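Report on the structure given below.
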Amino acid sequence: MSSTVVSLVIAFLGIVGTLVSGLMTQQLAAKAKAKELDQSARQRVQERQHETERVMMEAVRSCYVMLNTASLDFHSELNHFWHALRAGRVTDDVRARLDDARREHRARYSEAQMRVPDDVLTVIDGVHRQLNRIYGDLKRLDSGIPSGLEDDESLDGAHHQIAGLWEQLTQMRHTMRRSIGVTQDSI
């Protein structure tokens, strides 16, 4: 081969090398950019998922706070009603306060049924049923309706139920706190 041909081949290889190098650089940059965009998209998905979980946990926490407050208020109004009934001083205002507390508790309980985990709902349901049982007993006693066959449908029985409900309220609160990670202790 002549030196001219060798020079042309070397020049040709140089040009091809330069072009291939540019294409490879462009391809590598495109792959790096696609990887960066993919990583960024995954990070955004994770951030959205984390934010959704945070919002859901905050909604559950808020539900717990409102339910706990409504349960304690309902319990307090049952106790107040019991004292008024025992003293023979039940007024329309006392009845209205008890009914309002019951309605508020029912609204918070209904919300909890849609938001809270099943294990927590089981405990909440027990408190809800007991509050309503005491309510029914007190309302029957207030109306003068015979208590039927149940021995605890008396003023003393109702008082015993009201006092006994504290343990269930405490268990409910503890279960809710454990559910949102506030406490790790078992009951």
Give the value in nm², to one decimal: projected area of the alpha carbon convex hull of the stretch 1-115, averaged over all directions. 10.5
Measuring with a 1.4 Å probe in the full set of protein chains, what accessible area per residue, in whole Å², belongs to the stretch 23-97? 72
As a test question: what accessible area, to the nearest 10 Å², does Ser179 have when a 1.4 Å probe is rolled over all protein chains in place? 40
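Just to check, using Stokes-Einstein with a Kirkwood Rh over alpha carbon pairs, what's the diffusion coefficient of the stretch 1-68 at 37 °C and 0.692 mPa s in µm²/s? List each step's numbers first, then the result.
Numbers: Rh = 17.2 Å.
Taking Rh from Cα pairs, D becomes 191 µm²/s.
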Rounded to the nearest 10 Å², what accessible area does Thr122 have for a 1.4 Å probe in the complete protein model? 100
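Based solely on its DSSP helices, what 222 nm [θ] is calculated for the chain when runs of n ≥ 4 H residues each add -39,500 (n - 2.57) and the sum is averaged over all residues, nearest 500 deg cm²/dmol? Show your work: numbers first, answer last.
Numbers: 4 runs with 160 residues, N = 187.
Calculated from helices alone, the mean residue ellipticity at 222 nm is -31500 deg cm²/dmol.
The values are calculated or read from the model by the stated rules, or taken from the named source; none is laboratory data. A quick note: this is a predicted structure, and the numbers were derived from the prediction, not measured. Accessible surface is based on the protein model in full, side chains and every heavy atom, while ligands, DNA and RNA are left aside. Shrake-Rupley method; radii C 1.70, N 1.55, O 1.52, S 1.80 Å.
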